[in-house]
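Everything on this sheet refers to the single structure shown next.
Values quoted throughout were computed directly from the atomic coordinates according to the rules given, and no laboratory measurement underlies them. Everything numeric in this text was worked out from a predicted model, so none of it was measured. All Cβ positions, even for glycine, are placed from backbone atoms using ideal geometry, and neighbour counts span all protein chains on display.
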Amino acid sequence: MVAAPVLLDVTLARGEQLAHELPSSHSAFVYGLDGVAIVGAKRTPVARGDLAVLGAGPVAIVSAPSEPARVLLVAAAPIREPVARRGPFVMSTDEELDRAFEDYRAGRLTDPG
């Protein structure tokens with residue numbers, strides 16, 4: 001059984017640290033939303049708009065040593081499928097992208113509510 005995906009919106013005050021255990025089957029990344037966080041054993045700085053891919057390891061470590069910071073911590077099992085992207089759509093093939101654009105243009109992707 002594959003472990004559930006992880007999506008954490010983490011806000012750290014200056015001097016705080018998060019150590020979050022991750023399933024060994026997951027790939028993970030940290031995306032900066034505000035401030036500058038320090039990520040992982042290599043102490044990689046992650047500022048707003050930056051993305052840091054985490055290496056293998058059972059624990060994600062994120063800290064805010066010098067200023068408050070906010071990040072997204074995302075982890076999930078790899079889907080092992082090709083990735084095709086165009087515009088706002090991400091699919092597995094160009095044919096799926098073509099269908100998504102057709103559906104969008106035909107109004108089939110709008111909110112029915």
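Looking at the stretch 1-18, which of the residues that are part of a loop (DSSP other than H, G, I, E, B) and touching a His at 6+ places or on another chain (Cβ under 8 Å) is nearest to ASP34 (Cα to Cα)?
So the first thing to find is which residues in the stretch 1-18 are part of a loop (DSSP other than H, G, I, E, B), and the list is 1-5, 13-16.
Now restrict to residues that are touching a His at 6+ places or on another chain (Cβ under 8 Å): 3, 5.
Working: ALA3: 29, PRO5: 23 Å.
This residue is PRO5.
Just checking, how many residues over the stretch 41-60 are more than 15 Å from the chain's Cα centre (by Cα) and either over 16 Å from ARG14 (Cβ atoms) or exposed (fewer than 12 other Cβ atoms within 10 Å of the Cβ) (or both)? If you could, list the steps in order and put the result at the bottom.
Here is the first cut: in the stretch 41-60, the ones more than 15 Å from the chain's Cα centre (by Cα) are 41-45, 56-59.
Next cut, either over 16 Å from ARG14 (Cβ atoms) or exposed (fewer than 12 other Cβ atoms within 10 Å of the Cβ) (or both) only: 41-44, 56-59.
Looking only at that region, the number is 8.
Any residue that is part of a loop (DSSP other than H, G, I, E, B), closer than 24 Å to VAL6 by Cβ and either free of Cβ contacts under 8 Å to residues at least 40 places away in the same chain or out of contact with any Cys (no Cβ under 8 Å at 6 or more places or on another chain) (or both) - is there at least one of those in the stretch 97-110? If you could, list the steps in order and put the result at the bottom.
Just the residues of the stretch 97-110 that are part of a loop (DSSP other than H, G, I, E, B), to begin with: 106-110.
Subset that is closer than 24 Å to VAL6 by Cβ: none.
There is no residue in the stretch 97-110 that is part of a loop (DSSP other than H, G, I, E, B), closer than 24 Å to VAL6 by Cβ and either free of Cβ contacts under 8 Å to residues at least 40 places away in the same chain or out of contact with any Cys (no Cβ under 8 Å at 6 or more places or on another chain) (or both).
Among the residues of the stretch 1-38, write down those that are among the β-branched types (Val, Ile, Thr), buried (at least 18 other Cβ atoms within 10 Å of the Cβ) and farther than 13 Å from ALA75 by Cβ. Can you show your working first?
Let us first name the residues in the stretch 1-38 that are among the β-branched types (Val, Ile, Thr), namely 2, 6, 10-11, 30, 36, 38.
Next cut, buried (at least 18 other Cβ atoms within 10 Å of the Cβ) only: 10, 30, 38.
Within the stretch 1-38, just ILE38 meets the criteria.
Taking the stretch 19-40 as the search range and keeping residues that are outside any strand (DSSP E or B) and under 16 Å from the mean Cα position of the chain (by Cα), which one is nearest to ALA69 (Cα to Cα)? Steps first, please.
Taking the stretch 19-40 and keeping what is outside any strand (DSSP E or B), we get 22-26, 35, 40.
Then drop every residue that is not under 16 Å from the mean Cα position of the chain (by Cα), which leaves 22-23, 25-26, 40.
Values: LEU22: 21, PRO23: 24, SER25: 27, HIS26: 24, GLY40: 15 Å.
Selected residue: GLY40.
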